[in-house]
Amino acid sequence: MVERDGKNYVVHPNKGGYVYVYNRDVNSAPLKVENVWHLGKTSNFVKNVDSKTGELVGRRDLNVGMNKAVCPAIDGAISWNAGSYNPDLNLYYKVGMEFCADIDFQKVDAPTSAQLHLGASYTFVPPPGHDKAFGHVSARDPISGKVAWEVEYKYPPLASLLGTKGGLVFVPGADGWFDALDAKTGQKLWSHNNGLGHHGGVISYKVGEKQ
């Protein structure tokens, strides 16, 4: 939730790689879409999303048989792992994942039901123009989506980010590296290998007056 210029917003990251910005005025239902911006780089399941209505534009429906390089892959360009917001800098920090899948889409026999049943098998593939999947952490204006900085990661981070009042963003890497980035510039200030890939969140706690 973000407050700016007298307006109250909800910023909602969507698994397809798009971030929806709603006006959260409860007296106006359903909530009005104020903007939609794209965090992913290689999505092709739609051509675009209407930034005024949130409607999908040019949706790519799968055909029975092999569908090559459907992006993002099933885990999404954005996953469950939470981002972080710095109200002092008005920046929202979020992980993006860039990978696709070849999907073999087939009808499945289901003699006990009159409904059509469908199934699929899939193989992960790199996004077009890349040799391997990769991830990134970016700092953006949460309302407009304008990029302040972006750091690319060889392995998409799978854990949640942590931002601090002191101007840091902690990134738990899938390869075990734990980075502290400058919240304003994205510069890596500190790094430590914890010996195991991170899959959970990061916490900060205070004892007395020391964080």
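Taking the conditions (1) touching a residue at least 40 places away in the same chain (Cβ under 8 Å); (2) in contact with a Leu (Cβ under 7 Å, 6 or more places away or on another chain) in turn, residue 164 satisfies each one other than (2). Annotation note: of 168, 118, the sole residue that is at pLDDT 95 or above and out of contact with any Cys (no Cβ under 8 Å at 6 or more places or on another chain) is 168. Restricted to region 10-31, and to residues there that are under 15 Å from residue 51 (Cα atoms) and hydroxyl-bearing (Ser, Thr, Tyr), the residue that is surrounded by the most Cβ atoms within 10 Å (Cβ to Cβ) is 18. For region 83-110, filtered to residues that are among the charged types (D, E, K, R) and closer than 28 Å to residue 69 by Cα, the residue that is surrounded by the fewest Cβ atoms within 10 Å (Cβ to Cβ) is 109.
Out of curiosity, is residue 159 closer than 28 Å to residue 46 by Cα and in a strand (DSSP E or B)? No: the conditions fail for residue 159. Note on region 79-92: among residues that are touching a residue at least 40 places away in the same chain (Cβ under 8 Å) and under 13 Å from the mean Cα position of the chain (by Cα), the one that is nearest to residue 14 (Cα to Cα) is 79.
List the strands (runs of 3 or more DSSP E) inside region 1-78, counting only whole elements, that have at least 1 residues being within 20 Å of the chain's Cα centre (by Cα), modelled with pLDDT of 95 or more and more than 30 Å from residue 107 (Cβ to Cβ).
Because the criterion is at least 1 residues that are within 20 Å of the chain's Cα centre (by Cα), modelled with pLDDT of 95 or more and more than 30 Å from residue 107 (Cβ to Cβ), the strands (runs of 3 or more DSSP E) in region 1-78 that meet it are 7-13, 18-23, 32-38.
Looking across 22, 92, 18, one residue alone is aromatic (Phe, Trp, Tyr) and more than 29 Å from residue 129 (Cβ to Cβ). It is 22. All conditions in (1) under 13 Å from residue 93 (Cα atoms); (2) small (Gly, Ala, Ser); (3) surrounded by fewer than 18 Cβ atoms within 10 Å (Cβ to Cβ) hold for residue 138, with the sole exception of (3). Scanning region 156-194 for residues that are touching a Lys or Arg at 6+ places or on another chain (Cβ under 9 Å) and among the hydroxyl-bearing types (Ser, Thr, Tyr) returns no hits. Is it true that some residue in region 47-54 is of a type in the set (Gly, Ala, Ser), surrounded by 15 or more Cβ atoms within 10 Å (Cβ to Cβ) and either out of contact with any Ser or Thr (no Cβ under 9 Å at 6 or more places or on another chain) or under 28 Å from residue 157 (Cβ atoms) (or both)? Yes, the conditions are met somewhere in region 47-54.
Considering every residue within region 84-96, establish whether at least one is under 21 Å from residue 156 (Cβ atoms) and among the charged types (D, E, K, R). Yes - at least one qualifying residue is present in region 84-96.
The values are calculated or read from the model by the stated rules, or taken from the named source; none is laboratory data. Predicted model, so just to flag it, every value in this text is computed and none were measured. We place every Cβ from the backbone using ideal geometry, glycine too, and count neighbours over all the protein chains shown.
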